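**Student:** Have a look at this one.
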Amino acid sequence: MQSALNIILDIIKTLLIIDVMIFVHELGHFISAKKVGIKVLRFAIGFGPKIVGFKRGDTEYCILALPFGGYVKMAGENPAEINAEGNIPEEIEGSYLNAPVSHRALVAFSGPFMNIMLAVFAFAFAYMIGMPPRLGTEIGYVEPNTPADRAGILRGDKILSIEGYKTKKWDDVREGIAINPDKQIEIVLLRNETEKKTIYATPERIEGTEFGRMGISPPMAPVISQVKEGSPAEASGFRSGDNIIIANGKPINHVIEVVNEIEKIKAQQKSIDLVINRNGENINLNLSLELDESGIIKSMDGLSFGQIVRLNPIKAFGVAIPETIETGAKIFQFFKKLISRDVSAKFVAGPVGIIQITMSVVKTGIAGILWFGAFFSINLGLVNLLPIFITDGWVLLMLLIEKLRGQALSIKRQVLIQQIGITFFIVLFLLVTYNDILRIFTNKF
């Protein structure tokens, strides 16, 4: 019963996150349209039948049955529509099509712009709450008998590029490896801060997914960042700031080494001997390895490793702005890889895939939700700026053509373009949804 309730709550949280992104996008269109004098007939969140709504002035505000999407309907926006008096859109009072090109361009651009601004605020609030630091490309651990180990990659190496794409942060390294399962890739390393080396390795496919792995991790000292109050980990004797230096007689330098030592013996014995350095003093701790129903070691429940960075508002926004720019650049880089076929279209998620990813994110806490919300909002903004059918980017392209020609395309041509665009998006929607469903049934994501 509790599990079913948790799933329902996760679904509600997921839909709320998605709808906030869409609401902010449509709010941008709405505000700019009102500002330049274009009549807004409807501001809707969702699609399908109306659940609830009200009218104020010329505008109807409503929530629709399907909580995925939304739109702003402006007077005379649809070139195919003819009103009851037989007037074409240009003749309707406050008509979108009758507004100057600059006003219509502002309306089109405002939606994506609001998504970018939302991302800045979401990143900033995530860092105020507390986020892991953005790590560089130095390798802190190489697992034995993995592609990285066989290729000769060493601890301390810094990855400069993967397949010709520069890597500035660990996220770049992880993504460059993840999108190339079972494919030989070129990796440029910096060793000992002076020696450049080019190596070739083939990431192995992670079982049950479409992603690759090499067996490398960034530096992560085995220092406990947080012990939840009243948790089994606290009862076991762990305290925040503890540094695990020895596990079953073996010196420890990385969190993964602790995990590996536990994995080796948890099936054979009931406990592991640890030596912890606490405030300069070494403490011996015998840790029980009993597992709960989900396979988690009971005595370590409530334990967190890894540094958490909490910034004041000024520093948080100082980090959030460049992070938004860098994330946007990475998204464009992904589009480039799609076009050049350096990455498979299987990694593109549709509505079902987005919901699936978001449902996993809502379990990570407020900071994780905010960070993902920022990433998703940037995606929504930038995809809408691409000059493909029906997007805001396409509208901006048509407005540019209108400005250069000195007149808009004929109503007949605009209707034809709109029909082609709708058909294109229906086909695209079906393709990405097919990919999403296939991933669910094949358990690959």
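All of the numbers you see were taken from the coordinates with simple rules; none came from a lab. Note that the structure is a prediction, hence the values are computed from the model and not measured. Every residue, glycine as well, gets a Cβ built from its backbone with ideal geometry; the counts of neighbours run over all protein chains shown.
**Student:** Near residue 50, within a Cβ-to-Cβ distance under 12 Å, what is the net charge of the other residues, with Lys and Arg +1 and Asp and Glu -1?
**Tutor:** Once positives and negatives cancel, what remains is +1.
**Student:** Of 34/73; 196/336; 166/197; 73/403; 169/330; 158/196, which sit over 21 Å apart, Cα to Cα?
**Tutor:** Beyond 21 Å between Cα atoms: 196/336; 73/403.
**Student:** Here is a follow-up. Kindly put 278, 310 in sequence by how many other C-beta atoms sit within 10 Å of each C-beta, fewest to most.
**Tutor:** Taking fewest neighbouring Cβ atoms as first place, the list is 310, 278.
**Student:** Per residue Cα convex hull volume for the stretch 134-217, in cubic angstrom?
**Tutor:** 83
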